[in-house]
Amino acid sequence: MSKTLHLTFNVFVFFFFNISFLKADLQIPNTTILPAEVIKIQLDGLMNNDKEFKDSGIEQTWNFAHPSNKKNTGPLPKFKKMIKGNSYKMLLNHLTHTVTKLESTDKWAQFEVIILDKEKIYHKFNWQVEKYKEEGPLKNCWLTTMVSNPIPLGSSI
């Protein structure tokens, strides 16, 4: 099989198996999206979770999850349940967020994320992305590999 035909087949398979996650205006990973932008796309989605359709923000976040992360947190219905659970529900429909780069290399980047939830309580997360190295449509895309449990920082004034 030629490289072009093989690549075309891989792209077709990727889109065929992920079509249910590519609804409305959800973004999909590509090599031009930088690490901090990946996190911003995910946080903006979670901040406006039901804007495009029910749980569109969670699905947007899922689109940028690293395949190894998806193995631990997926499939999508399980991931939705996890995000809606006590550990991460403060991310849904939060009011504001800030993203600060902590460390990075050409293969991974780690950020501190602080969100103000709808109850006006601040929470801090460590959020890590890695560049995907396997062949296929995700090659060289930045994808989320880890989000820590939240650390409550207290109420806003």
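The values are calculated or read from the model by the stated rules, or taken from the named source; none is laboratory data. Because the structure is predicted, anything quoted here is derived from the model rather than measured. Neighbour counts are summed over all protein chains in view; Cβ atoms, including those assigned to glycine, are modelled from backbone coordinates with ideal geometry.
Please verify whether I121 is within 18 Å of G57 (Cα to Cα) and either of a type outside the set (D, E) or in contact (Cβ under 8 Å) with a residue 40 or more places away in the chain (or both), treating the condition exactly as stated. Reasoning before the result, please.
Values: within 18 Å of G57 (Cα to Cα): no; either of a type outside the set (D, E) or in contact (Cβ under 8 Å) with a residue 40 or more places away in the chain (or both): yes.
No; evaluated as a whole, the condition is false for this residue.
Would you check which residues across the stretch 33-80 are modelled with pLDDT of 95 or more and of a type in the set (D, E) and list them?
E37, D44, D55, E59
How about the stretch 140-157: which of its residues are under 17 Å from N63 (Cβ atoms), touching a residue at least 60 places away in the same chain (Cβ under 8 Å) and not polar (S, T, N, Q)?
Residues of the stretch 140-157 under 17 Å from N63 (Cβ atoms): 140-147.
Applying the additional criterion that residues be touching a residue at least 60 places away in the same chain (Cβ under 8 Å) yields 140-146.
Matches in the stretch 140-157: C141, W142, L143, M146.
In this structure, is T98 surrounded by 13 or more Cβ atoms within 10 Å (Cβ to Cβ) and either more than 23 Å from N140 (Cα to Cα) or at pLDDT 95 or above (or both)? Before you say what the answer is, go through the steps one by one.
Values: surrounded by 13 or more Cβ atoms within 10 Å (Cβ to Cβ): yes; either more than 23 Å from N140 (Cα to Cα) or at pLDDT 95 or above (or both): yes.
Yes; evaluated as a whole, the condition is true for this residue.
From (1) in contact with a Leu (Cβ under 9 Å, 6 or more places away or on another chain); (2) β-branched (V, I, T); (3) modelled with pLDDT under 95, pick out the condition that doesn't hold for I157.
Here I157 clears every test but (1).
Are there any pairs, at least 6 apart or on different chains, whose C-beta atoms fall under 6 Å, with the first in the stretch 36-50 and under 20 Å from K89 (Cβ atoms) and of a type in the set (G, A, S) and the second modelled with pLDDT of 95 or more and in a helix (DSSP H, G or I), and if so, which?
Pairs found: G45/G57; G45/Q60; G45/T61.
Going through the stretch 51-67 one residue at a time, which ones are closer than 10 Å to I28 by Cα and touching a strand residue (DSSP E or B) at 6+ places or on another chain (Cβ under 7 Å)?
Result: F64, single match.
Filter the stretch 65-85 for residues that are surrounded by 15 or more Cβ atoms within 10 Å (Cβ to Cβ) and more than 27 Å from K133 (Cβ to Cβ) and give the result.
Matches in the stretch 65-85: K80, K84.
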